[in-house]
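All remarks here apply to the structure that follows.
The values are calculated or read from the model by the stated rules, or taken from the named source; none is laboratory data. Only a predicted model underlies this, so the values are computations on that prediction, with no experimental measurement involved. Virtual Cβ from ideal backbone geometry, glycine too; neighbours counted across all protein chains shown.
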Amino acid sequence: MPITSESLRSFPLLQGLSQSDLEALACAAQECHYRARAVIFQAGEACTHLHLVRSGQVRLYQAGPAKLHILALLGPGDVLDATPLLDDGPHIVTARAATPVVLYTIALAEAQRLLAHSPALRLAMLHLVAGQLRQYATHVSDLAFKQVSARLAGVLLAYARPDGVVVPGGVPSGRHLSKKDLAALVGTAREVVVRALKRLEQQGLIAQRPEGIVVLDRAGLERIHQAG
């Protein structure tokens with residue numbers, strides 16, 4: 001199915017672009033499909049494309065010899081590791097499909113050419129990368145200085161939809177945020193997360209339901225996260 005300027009306009013990064021810029025992107029973009037668990041790119045690899053998530057969920061993580069740490073779970077409308085577009089460096093994270101995924105990809109050279117000629121796209125990209133770096137910095141700070149309950153509260157807030165249901169990417173989805181994913185985001189063992197969730201539920205801050213974890217008291221979770 002051809003990629004259209006209207007389908008690209010659904011991405012927050014691209015909403016400020018002119019019609020001519022969107023049409024140029026549509027001509028350059030390709031649709032790529034990945035099965036669940038497929039690696040899209042790895043940390044340290046040279047960046048070859050800009051990746052936009054059309055559907056599905058993607059884990060961004062860094063892995064050591066014995067441990068995997070998830071930095072973000074992204075969904076439709078998100079952009080995967082855009083930092084290399086600005087500094088020509090390698091990918092700083094690994095991206096793996098958590099579910100079947102459809103991506104729109106744009107070759108690096110074409111994306112950089114459009115960045116050079118479109119002030120609106122350049123500004124949007126700077127805002128995006130700054131937001132991602134701020135998120136990573138907060139994540140690292142939480143790991144270093146906050147207790148598990150505070151880190152868990154922060155993750156639940158970050159991935160809660162407006163209706164309170166906690167899902168990957170924080171967007172409408174049929175997929176729950178699993179205990180395993182929560183543990184990898186929080187930086188602890190699954191059993192520790194299970195106990196921490198139970199305590200939050202007993203305090204009336206969340207509910208664990210068939211549709212997943214539901215945030216009942218955002219202000220209460222924010223207090224726990226801030227208290228550390």
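Hey, any hits in the stretch 11-34 for a residue that's small (Gly, Ala, Ser), free of Cβ contacts under 8 Å to residues at least 12 places away in the same chain, in a loop (DSSP other than H, G, I, E, B) and not assigned by TED's automatic domain parsing to the domain that holds LEU185?
Checked the stretch 11-34: no residue is small (Gly, Ala, Ser), free of Cβ contacts under 8 Å to residues at least 12 places away in the same chain, in a loop (DSSP other than H, G, I, E, B) and not assigned by TED's automatic domain parsing to the domain that holds LEU185.
Condition test on LEU152, is it surrounded by fewer than 20 Cβ atoms within 10 Å (Cβ to Cβ), among the hydrophobic types (A, V, I, L, M, F, W, C) and in contact with a helix residue (DSSP H, G or I) (Cβ under 7 Å, 6 or more places away or on another chain)?
no
Scanning for something within 20 Å of the chain's Cα centre (by Cα), under 19 Å from ARG59 (Cα atoms) and either at pLDDT below 90 or among the hydroxyl-bearing types (Ser, Thr, Tyr) (or both), does the stretch 28-35 turn up at least one residue?
Yes - at least one qualifying residue is present in the stretch 28-35.
Looking at the stretch 108-120, can you tell me whether even one residue there is farther than 17 Å from LEU60 by Cβ, aliphatic (A, V, I, L, M), touching a residue at least 40 places away in the same chain (Cβ under 8 Å) and touching a Gly at 6+ places or on another chain (Cβ under 8 Å)?
There is at least one residue in the stretch 108-120 that is farther than 17 Å from LEU60 by Cβ, aliphatic (A, V, I, L, M), touching a residue at least 40 places away in the same chain (Cβ under 8 Å) and touching a Gly at 6+ places or on another chain (Cβ under 8 Å).
Any idea how many residues of the stretch 1-10 are part of a loop (DSSP other than H, G, I, E, B) and exposed (fewer than 13 other Cβ atoms within 10 Å of the Cβ)?
4
Condition check ((1) more than 19 Å from CYS47 (Cα to Cα); (2) in the same structural domain as ALA29 (by TED's automatic domain parsing); (3) among the β-branched types (Val, Ile, Thr)) across all residues:
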site: GLU110; (1), (2), (3): no, yes, no
site: HIS117; (1), (2), (3): yes, yes, no
site: GLN132; (1), (2), (3): no, yes, no
site: ALA158; (1), (2), (3): yes, no, no
site: GLY164; (1), (2), (3): yes, no, no
site: VAL167; (1), (2), (3): yes, no, yes
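Tell me which helices (runs of 4 or more DSSP H) are completely within the stretch 130-228 and hold 1 or more residues being in contact with a Gly (Cβ under 6 Å, 6 or more places away or on another chain) and touching a residue at least 24 places away in the same chain (Cβ under 8 Å), or say none if there are none.
Correct list: 148-158, 218-227.
Please find, within the stretch 59-116, the residue that is modelled with the lowest pLDDT out of those that are among the charged types (D, E, K, R) and surrounded by fewer than 20 Cβ atoms within 10 Å (Cβ to Cβ).
LYS67
How many residues does the stretch 40-56 hold that are over 15 Å from the mean Cα position of the chain (by Cα) and of a type in the set (A, V, I, L, M, F, W, C)?
3
Which members of the stretch 181-210 meet the condition of being at pLDDT 90 or above and among the charged types (D, E, K, R)?
Scanning the stretch 181-210 gives ARG190, GLU191, ARG195, LYS198, ARG199, GLU201.
Can you name every residue in the stretch 63-121 that is outside any strand (DSSP E or B) and within 13 Å of the chain's Cα centre (by Cα)?
Selection gives GLY75, PRO76, GLY77, ASP78, ASP81, ALA82, VAL93, ALA98.
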